[in-house]
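Participant: Here's a structure for you.
The values are calculated or read from the model by the stated rules, or taken from the named source; none is laboratory data. Because the structure is predicted, anything quoted here is derived from the model rather than measured. Cβ: placed from backbone, ideal geometry, glycine included. Neighbour counts: every protein chain shown. Accessible surface is based on the protein model in full, side chains and every heavy atom, while ligands, DNA and RNA are left aside. Shrake-Rupley method; radii C 1.70, N 1.55, O 1.52, S 1.80 Å.
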Amino acid sequence: MSVQTASHLDTRVSPDEIRAQFSRAMSAMYQAEVPLYGELLELVREVNAHALRQDPQLVEQLRTTGEIERLDMERHGAIRLGSAAELATMRRLFAVMGMYPVGYYDLACAGVPVHSTAFRAIHEGSLQQSPFRVFTSLLRLELIDNPELRELARSVLARRNIFTARVIELIERFEQVGGLDQAEADEFIEQALETFRWHREATVSAALYQQLSEQHRLIADVVAFKGPHINHLTPRTLDIDAVQAGMPQRGIDPKAIAEGPPARRCPILLRQTSFKALHEQVVFVEDDGERRLGSHSARFGEIEQRGAALTPKGRALYDRLLDGARQAGGDYVAALEAQFAEFPDDYDSLRRQGLAYFRYFVSPTGLAAKARGELAGDLEALLAAGHICCEPLVYEDFLPVSAAGIFQSNLGDAARDSYAHSANQDAFERDLGAPVLDELALYADTEQRSLAQCAEQLGLAELR
Ligand code: OOG
Ligand code: NI
């Protein structure tokens, strides 16, 4: 290896660090753009501090998993892209920050003409440094039924370039040498941020905006603007019901019910609630160059509470119960609670029945027992003896039914029928230029790594 390469290696900033810095920069930008987001952050901080004061066991749990350190920086954003080329470049941009596409979400079946993935870190060590994620949707122009409008939208999108020339150079540099130094990383963050910025000036006339909007509000949001403005940034709370209750006092008006599972002692997956899009003044550009004022609503606020990641078996049960509640009619919250009475609500049952993923840790008593040569036998015995303890693995992804509910409530559209074309993961992956990763395999890997680490610490051949 040449001296020059070695010195570059020394000064390289890790993708995890770039992501952490980018996430902070994004939060600052969004706070300046949407002051209500700052208000929301404050409320979430208060509620989280209160929840931690009230529940020493929760503190212990979050301390063991390390989540307590990442809580304050935890947030996800969302963007909507207009073309395959934008999606493919976005994948390369996120890779600089150690974010990879995880999961495929079909929203067409819920009447939203997009399909999506979530860019995020995939290793528990990286997630610990920065759990920042971006729910990324690609508009499906083929779902616009009017052929002329479809072509018009396509040509408007073909003319825009959502990336700065410099960010492309820096992505290429990253791909060539495998990293960026701090000066390059700083510049990358500044340049990449440009893509997510809000632009007041539309790229279309008021009339075209109107036409696009009539097809679907979301189509106008993607096609009529210069770039994929970040449309919300969601902090993680430890008590979503408390945040929901505290919102009105701060002038925030949340949607009526949280998406996802009901409130439980042992939270699973993800509960989310959002508040309505802002009406923002925009400027349309008429064909003769004249500028005309108008209004658009795209950006909104959201909060979420994360719980245990479910195994395929747990997820199947979740899907069945959620579906049951949605079919039930009447009071949705009551139906949801009635349905979920069937879902075990203690961690021991969740683990024994194989419904959730866990991480395993060697306890001090385990180390002491090892030193005395008195370790319990198999995993169950080690757990029973307290030589190993376990904590649920937090869910890092999204839920398609919840996402559809969030889209719909914020687009202000009456629920519409599903599109005839539905899931098309192959087309999405072709446009992305890579397969999406299977989130369940990632959770299983993390669980296995924690078991392997326990085995190693205890000097055991294997634990399973
Ligand atoms: C994305 C909506 C999905 C979530 O948290 O489920 C989402 C969007 O509106 O672009 O962010
Ligand atoms: Ni969201």
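Participant: With every protein chain left in place and a probe of 1.4 Å, what is the accessible surface of Arg80, to the nearest 10 Å²?
Facilitator: Arg80 has an accessible surface of roughly 20 Å² with all protein chains in place.
Participant: Before I look further, what does the stretch 280-412 give for accessible area per residue, probe 1.4 Å, in whole square angstrom?
Facilitator: On the way: 5710 Å² over 133 residues.
Heavy-atom accessible area per residue stands at 43 Å².
Participant: Could you tell me the relative contact order of the stretch 251-330? Use alpha-carbon pairs under 8 Å, at least six residues apart, and round to a whole percent.
Facilitator: Working: 105 pairs, mean separation 23.0, N = 80.
Rounded, it is 29 percent for the stretch 251-330.
Participant: For the stretch 1-146, what size does the Cα cloud have along each of its three principal axes, sorted from largest down, in whole Å?
Facilitator: Principal-axis extents of the stretch 1-146 (Cα, largest first): 57, 52, 30 Å.
Participant: While we're here: If you filter the stretch 295-393 for GluC sites (Glu not before Pro), then keep DSSP loop positions with at most 16 other Cβ within 10 Å, what is left? Mind showing how you got there, number by number?
Facilitator: Details: sites: Glu302, Glu304, Glu337, Glu342, Glu374, Glu380; in loops: Glu342, Glu374.
Within the stretch 295-393, the qualifying GluC sites (Glu not before Pro) (loop, at most 16 other Cβ atoms within 10 Å) are Glu342, Glu374.
Participant: Could you state how much accessible area Val13 has, in square angstrom rounded to the nearest 10, with a 1.4 Å probe and all protein chains kept in place?
Facilitator: Spelled out: Val13, probe radius 1.4 Å, area about 20 Å².
Participant: Could you tell me, in Å, what Rg and Dmax come out for the Cα atoms of the stretch 66-117?
Facilitator: Final numbers for Rg and Dmax: 14.0, 38 Å.
Participant: Could you sort Lys370, Lys276, Lys255 by their accessible area in this structure, using a 1.4 Å probe and putting the largest first? Intermediate results must be reported in sequence, preceding the final value.
Facilitator: Numbers: Lys370 90, Lys276 125, Lys255 40 Å².
The ordering from most to least exposed comes out as Lys276, Lys370, Lys255.
Participant: Per residue, how many Å² of accessible area does the stretch 123-173 show with a 1.4 Å probe?
Facilitator: On the way: 2250 Å² over 51 residues.
Heavy-atom SASA per residue in the stretch 123-173 reads 44 Å².
Participant: I'd like to check one number: the per residue accessible area of the stretch 202-277, probe 1.4 Å, reported in Å² as a whole number. List each step's numbers first, then the result.
Facilitator: On the way: 2430 Å² over 76 residues.
Per-residue value: 32 Å².
Participant: Principal axes first, then extents: for the Cα atoms of the stretch 271-363, list largest minus smallest coordinate on each axis, whole Å, largest first.
Facilitator: Between the extreme Cα coordinates on each principal axis of the stretch 271-363 lie 68, 43, 19 Å.
Participant: Kirkwood-based Rg over Rh for the stretch 316-464 (C-alpha set), two decimals?
Facilitator: Details: Rg = 21.4 Å, Rh = 19.2 Å.
Expressed as Rg/Rh, it is 1.11.
Participant: Any chance you could list P(r) for the stretch 111-201, counting all Cα-Cα pairs in 5 angstrom bins from zero, rounded to whole %?
Facilitator: Per 5 Å bin, starting at 0, the Cα pair percentages come out as 3, 10, 12, 16, 21, 15, 10, 7, 4, 1.
Participant: Now for a different question. Hey, with R₀ at 45 Å, roughly what FRET efficiency would Glu429 and Thr64 work out to, going by the Cβ-Cβ distance, to 0.05?
Facilitator: Numbers: r = 37 Å, r/R0 = 0.81.
That pair, Glu429 with Thr64, gives E of 0.80.
Participant: Mind giving me the nanometre distance, one decimal, between the label points for Ala338 and Ala88, set 7 Å out from Cα along Cα→Cβ?
Facilitator: 5.2 nm
Participant: Whenever you get a sec, compute what percent of the accessible area on the chain sits on carbon and sulfur atoms (1.4 Å probe). Walk me through the numbers on the way to the answer.
Facilitator: Numbers: 9880 of 19910 Å².
Carbon with sulfur: 50 percent of the solvent-accessible area.
Participant: Follow-up question, since we're still on this one. Regarding the stretch 303-348, what whole-number volume in Å³ per residue does the convex hull of its Cα atoms give? Each step should come with its number before you reach the end.
Facilitator: On the way: hull volume 4.4 nm³, N = 46.
Spread over its residues, the Cα hull of the stretch 303-348 gives 95 Å³ apiece.
Participant: Using R₀ = 56 Å, calculate the FRET efficiency as 1/(1 + (r/R₀)^6) where r is the Cβ-Cβ separation of Cys266 and Glu201; round to 0.05. Don't skip to the answer; put the middle values down first.
Facilitator: Values: r = 48 Å, r/R0 = 0.86.
Using R0 = 56 Å, I get an efficiency of 0.70.
Participant: Could you size up the charge dipole of the chain around its Cα centre, putting +1 on the beta carbon of Lys and Arg and -1 on that of Asp and Glu, and report it in debye to the nearest 20?
Facilitator: Numbers: 48 positive and 68 negative charges, 32 e Å.
The dipole magnitude comes to about 160 debye.
Participant: Sticking with this one: Over the chain, how many percent of alpha carbon pairs lie in each 10 Å bin up to the one with the longest distance?
Facilitator: Whole-percent P(r) values from 0 Å outward: 4, 19, 29, 26, 15, 6, 2, 0, 0.
Participant: Restricting to the chain, what percent of DSSP beta bridges are antiparallel, rounded to 5? Mind showing how you got there, number by number?
Facilitator: Details: 38 of 48 bridges.
Counting DSSP beta bridges with both partners in the chain, the antiparallel share is about 80 percent.
Participant: Moving on to the next point. Considering only the other residues whose Cβ falls under 11 Å of the Cβ of Asp397, what net charge follows from Lys and Arg at +1 and Asp and Glu at -1? Before the final figure, lay out each step's value.
Facilitator: On the way: positive: Arg120, Arg133, Arg306, Arg315; negative: Glu396, Asp438, Glu439.
My count for the surroundings of Asp397 gives +1.
Participant: If you wrap the stretch 15-54's Cα atoms in a convex hull and average its projection over all directions, what's the area in nm²?
Facilitator: Numbers: hull surface 13.4 nm².
Over all viewing directions, the stretch 15-54 projects a mean Cα-hull area of 3.3 nm².
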